[in-house]
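Working notes for the structure below.
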Amino acid sequence: MKIVIAPDSFKGSLSAFSVSEAMAEGVRNVDAEADVVTVPMADGGEGSIEALEKWVSKEIPVKVKGPAGDGLDTSFVILPYNGNETAFIECARSTGITLVPDEKRNPFALNSYGLGEQIRAAIENGCRDLVVSLGGSATTDGGTGLLQALGYRFYDSSGQLLPDDRNILTEIDDMDDKEVMEELAECSITIAPDVTNPFYGKNGAAYVYGPQKGASEEDVMQLDAGLERFSGVVQKATGRHLQEIQGAGAAGGLGGALAGVLGAEMKSGFDVIAELVGLETLLEDADLVLTGEGSLDAQSAHGKVPVSVGKIARNYDVPAVALAGVVDVEGSYEELTAVFSIQSGPCSLAEALDHRTTYKNIKHTTKQILSLWTK
């Protein structure tokens, strides 16, 4: 029996690689002869590079500004994509929310300048094909910091040049590209977001994700107004309407800046990762696929790993079973054969997130599924 194991990470607890190992151990406890293929997955968010580790040919270190402006040692990687050596840049490594302590999550103090520095560094290293994964960001700046790092300049209503040491989203009245690095014109950029939200509005970057990043109700309204205002500035400068780009609200509006200003191609983060690892080919002759993530909920149907894996598996009539720390009974999981929570009993959040507990529970739940499956 061929079993493909393709989970996302259980955020805050186990990496996708460790989840895969726990599932594989559970399978082998029941069927030691099973052909087990582990393919750690990601959807463009935090952990995307880790999931692609075996395909990476080179990792290039770079020093950038973190979301709060502090110096940060990070990197990007080189790997093959669509027949070309490609720079893969993970947003979470330079602008990630895990880089900012709770007490410093002031949305007007944080920006995405560091991600722009990652992109600049890749271009300066000779890269012309780039993939930028978007997800897990700490910022809601519409990508203005990123654009500043690449040479774009922004001005307030009095014509004053705005600085790059904070979130200037709500202050922008005009922009120009006179100092933009010339090599950008030679680049092919693909964006791999983990969500499909619009740039602004009730389903946009500020309203949906701002509160998770420290924004109060009043902050959210200001940020949303800033995103709408900035969209108008971009439309005037480029002719592109950010609100019409699906996924423009990804990572606090980084999707809009990359697609609307830099002309990047928007592709599902999951689809990009799946192409890189050859997931569809692996599933063609599988007997069962196991997947999962930390929480299965209403968002899971919108580009997240388990449901996306289930969609591919269904094309080949392969049963797909998902495990999660939390399963929202109101979620939409039609693409999956079954979903299971790994929790074995009441416990605190800290206990549930303990990596040893999570590993043990994933292994145990997988073992029970396989015991039933092989009867």
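The values are calculated or read from the model by the stated rules, or taken from the named source; none is laboratory data. For clarity, every value in this text was computed on a predicted model and none was experimentally measured. Please note: Cβ atoms are built from the backbone with ideal geometry, for glycine as well, and neighbour counts cover all protein chains shown.
Tabulated data for the structure shown
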read-out: Of all residues in the stretch 1-15 being surrounded by 24 or more Cβ atoms within 10 Å (Cβ to Cβ), touching a Gly at 6+ places or on another chain (Cβ under 8 Å) and not acidic (D, E), the one that is farthest from K54 (Cα to Cα); value: F10
read-out: Qualifying residues in the stretch 1-33 (those that are in a loop (DSSP other than H, G, I, E, B) and free of Cβ contacts under 8 Å to residues at least 40 places away in the same chain) - the one farthest from A324 (Cα to Cα); value: E33
read-out: First in the stretch 211-229 and assigned by TED's automatic domain parsing to the domain that holds N106 and over 23 Å from M175 (Cβ atoms), second anywhere and exposed (fewer than 14 other Cβ atoms within 10 Å of the Cβ) and among the β-branched types (V, I, T), Cβ under 9 Å, 6 or more apart; value: none
read-out: Test: residue in the stretch 280-298 that is at pLDDT below 90, under 28 Å from A138 (Cβ atoms), in a strand (DSSP E or B) and not charged (D, E, K, R); value: yes
read-out: Only one of A51, A42 that is farther than 27 Å from F199 by Cβ and crowded, with 24+ Cβ neighbours inside 10 Å; value: A51
read-out: Condition met for I60 (assigned to a strand (DSSP E or B), out of contact with any Asp or Glu (no Cβ under 7 Å at 6 or more places or on another chain) and buried (at least 21 other Cβ atoms within 10 Å of the Cβ)); value: no
read-out: Lone unmet requirement of (1) surrounded by fewer than 22 Cβ atoms within 10 Å (Cβ to Cβ); (2) assigned by TED's automatic domain parsing to the domain that holds G255 for K65; value: (1)
read-out: Residue among S371, S344 that is polar (S, T, N, Q), over 25 Å from G247 (Cα atoms) and in a helix (DSSP H, G or I); value: S371
read-out: Given (1) assigned to a helix (DSSP H, G or I); (2) modelled with pLDDT under 95; (3) farther than 23 Å from V208 by Cβ; (4) touching a strand residue (DSSP E or B) at 6+ places or on another chain (Cβ under 9 Å), number of the condition V309 does not satisfy; value: (2)
read-out: Residue match in the stretch 188-200 (condition: part of a loop (DSSP other than H, G, I, E, B), surrounded by fewer than 16 Cβ atoms within 10 Å (Cβ to Cβ) and either outside the structural domain of V131 (by TED's automatic domain parsing) or in contact with a Gly (Cβ under 8 Å, 6 or more places away or on another chain) (or both)); value: no
read-out: Selected residue [modelled with pLDDT under 95, hydrophobic (A, V, I, L, M, F, W, C) and under 22 Å from the mean Cα position of the chain (by Cα)] from A301, A215, A206, A259; value: A301
read-out: Sole exception among (1) closer than 20 Å to G126 by Cβ; (2) buried (at least 22 other Cβ atoms within 10 Å of the Cβ) for M23, by number; value: (1)
read-out: Lone qualifier among G151, G142, G159 - being in a loop (DSSP other than H, G, I, E, B), under 17 Å from D224 (Cα atoms) and of a type in the set (G, A, S); value: G142
read-out: Members of the stretch 162-178 that are in a loop (DSSP other than H, G, I, E, B), touching a residue at least 24 places away in the same chain (Cβ under 8 Å) and more than 19 Å from Q118 (Cβ to Cβ); value: R166, I168, I172, D173, D177, K178
read-out: Verdict on V289 being more than 25 Å from A192 (Cβ to Cβ), buried (at least 22 other Cβ atoms within 10 Å of the Cβ) and either out of contact with any helix residue (DSSP H, G or I) (no Cβ under 9 Å at 6 or more places or on another chain) or of a type outside the set (S, T, N, Q) (or both); value: no
read-out: Qualifying residue in the stretch 16-34 (condition: touching a Phe, Trp or Tyr at 6+ places or on another chain (Cβ under 7 Å), modelled with pLDDT of 95 or more and not assigned by TED's automatic domain parsing to the domain that holds G310); value: no
read-out: Only one of G145, G136 that is of a type in the set (G, A, S), more than 15 Å from the chain's Cα centre (by Cα) and buried (at least 22 other Cβ atoms within 10 Å of the Cβ); value: G145
read-out: Of all residues making up the stretch 222-263, the number that are outside any helix (DSSP H, G or I) and closer than 30 Å to G292 by Cβ; value: 4
read-out: Residue under evaluation V305, criteria (1) of a type in the set (V, I, T); (2) surrounded by fewer than 20 Cβ atoms within 10 Å (Cβ to Cβ); (3) touching an Asp or Glu at 6+ places or on another chain (Cβ under 6 Å), criterion not met; value: (2)
